[in-house]
Amino acid sequence: MPGAADELVDVIDDAGNTVGVVTRRVMRERRLPHRCTYVLVFNARGDLFVHLRTATKDVYPSHWDVCIGGVVAARETFDQGARREIHEELGIQADPQMLFPFRYKDAATTAQAMAFRLVHEGPFHLQAEEIVCGEFIPVQEALERIRREPFCPDGVQVLEQYLR
């Protein structure tokens, strides 16, 4: 079975049009623009699910994250990608609510993305290859932890935009 590095990913132009297909490994090595999903997961009380990424992640290893999600596979829509990532990472079937488009670029990645919101109580069956642990915490506590601990900067920007 091929690993994550061998998954196929659409390379996109500034308008979001697919201009090629490469492996995830090549996309990361060349920092090619691609599509991503970001899913903010809340429980009914409004607490936010945060999780610690494994040390083997290809970007932001061992960082906390406020979003579930990831790279959209070749020929996959944002909706399909979000549902797939929710199933892979949390072990549940769910249809998140689409929120807003999002662009992110730094030294590690260049992405055009879609942000989503999901309300779910769990329990979750976390994907051991990607997530060390996770918990629901009040949003204010998440914002305080972001100032003290390493969090994925793209997810932090999604949360900040959502809270505006």
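Which one of ALA44, ALA15, ALA55 is at pLDDT 95 or above, more than 17 Å from the chain's Cα centre (by Cα) and surrounded by fewer than 16 Cβ atoms within 10 Å (Cβ to Cβ)?
Values: ALA15 fails: at pLDDT 95 or above; ALA55 fails: more than 17 Å from the chain's Cα centre (by Cα).
The conditions single out ALA44.
I'm checking my understanding of the structure. Among residues of the stretch 83-98 that are among the hydrophobic types (A, V, I, L, M, F, W, C) and buried (at least 24 other Cβ atoms within 10 Å of the Cβ), which one is farthest from PHE49 (Cα to Cα)? Explain how you work it out, then say what you get.
To start, the set of residues in the stretch 83-98 that are among the hydrophobic types (A, V, I, L, M, F, W, C) comprises 86, 90, 92, 94, 98.
So of that shortlist, the ones also buried (at least 24 other Cβ atoms within 10 Å of the Cβ) come out as 86, 90.
Values: ILE86: 12, LEU90: 11 Å.
Filtering the stretch 83-98 for residues that are among the hydrophobic types (A, V, I, L, M, F, W, C) and buried (at least 24 other Cβ atoms within 10 Å of the Cβ), the one farthest from PHE49 (Cα to Cα) comes out as ILE86.
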Practice prompt. Scan the stretch 85-99 and give yes if some residue there is assigned to a strand (DSSP E or B) and either more than 15 Å from VAL39 (Cβ to Cβ) or of a type in the set (Lys, Arg) (or both), otherwise no.
Written response: no
Worksheet item: Given GLU129, GLU135, GLU144, which one is surrounded by fewer than 13 Cβ atoms within 10 Å (Cβ to Cβ), among the acidic types (Asp, Glu), on the phi < 0 side of the Ramachandran plot and assigned to a strand (DSSP E or B)?
Response: GLU135
Worksheet item: Can you name the condition, by its number, that ARG117 falls short on among (1) of a type in the set (D, E, K, R); (2) touching a residue at least 40 places away in the same chain (Cβ under 8 Å); (3) within 19 Å of TYR60 (Cβ to Cβ)?
Response: (3)
Worksheet item: From the list ALA82, ALA74, which one is touching a residue at least 24 places away in the same chain (Cβ under 8 Å) and over 12 Å from the mean Cα position of the chain (by Cα)?
Response: ALA74
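Considering VAL66, VAL9, which residue is β-branched (Val, Ile, Thr) and farther than 25 Å from TYR162 by Cα? Can you show your working first?
Numbers: VAL66 fails: farther than 25 Å from TYR162 by Cα.
Result of the check over VAL66, VAL9: VAL9.
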Item to complete: Just one of (1) modelled with pLDDT of 95 or more; (2) under 30 Å from GLY122 (Cβ atoms); (3) surrounded by fewer than 16 Cβ atoms within 10 Å (Cβ to Cβ) trips up THR37, so point out which.
Response: (3)
Worksheet, complete the sentence: Restricting attention to the stretch 115-125, the residues that are surrounded by fewer than 18 Cβ atoms within 10 Å (Cβ to Cβ) and either among the hydrophobic types (A, V, I, L, M, F, W, C) or under 14 Å from the mean Cα position of the chain (by Cα) (or both) number exactly 2
Practice prompt. Name, by its number, the condition in (1) under 15 Å from the mean Cα position of the chain (by Cα); (2) closer than 15 Å to MET114 by Cα; (3) among the small types (Gly, Ala, Ser); (4) not in a strand (DSSP E or B) that does not hold for GLY69.
Written response: (4)
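The values are calculated or read from the model by the stated rules, or taken from the named source; none is laboratory data. Keep in mind that this is a model prediction, so the values were computed, not measured. Backbone-built Cβ (ideal geometry, glycine too); neighbour counts: all protein chains shown.
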